[in-house]
1. For region 41-54, how many residues are surrounded by 10 or more Cβ atoms within 10 Å (Cβ to Cβ) and at pLDDT 90 or above?
2. When residues of region 9-25 are filtered for being surrounded by 13 or more Cβ atoms within 10 Å (Cβ to Cβ) and assigned to a helix (DSSP H, G or I), how many remain?
3. Within region 2-18, track down each residue that is in contact with a helix residue (DSSP H, G or I) (Cβ under 9 Å, 6 or more places away or on another chain) and on the phi > 0 side of the Ramachandran plot.
């Protein structure tokens, strides 16, 4: 795009008002990259807000080097007892019906 004085004046005015590069590009009929390049060459910048975050840089705690395998002390292993699986006790039909009747009575 060839830039004449009228286009440059409009670019500076729109940029000062706060229009984005995309909005200016649509208005002038060129690409956003052309606008960004021209703004860079003209030295026009937006005032950026300073960062509000204040990160604190802390040093990481130093770790002790691991012991080598040759001089490491062996630790006795704890072995838990295996859990015994119990078979459920078998109930007769009469016992099951009695349990069911009791449950019905308790819920009513």
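1. 1
2. Counting residues in region 9-25 that are surrounded by 13 or more Cβ atoms within 10 Å (Cβ to Cβ) and assigned to a helix (DSSP H, G or I) gives 9.
3. Listed by number, the list is empty, since nothing qualifies.
The values are calculated or read from the model by the stated rules, or taken from the named source; none is laboratory data. All values reported here derive from a predicted model rather than from experimental measurement. Cβ coordinates were reconstructed from backbone atoms using ideal geometry, including for glycine residues, and neighbour counts include every protein chain displayed.
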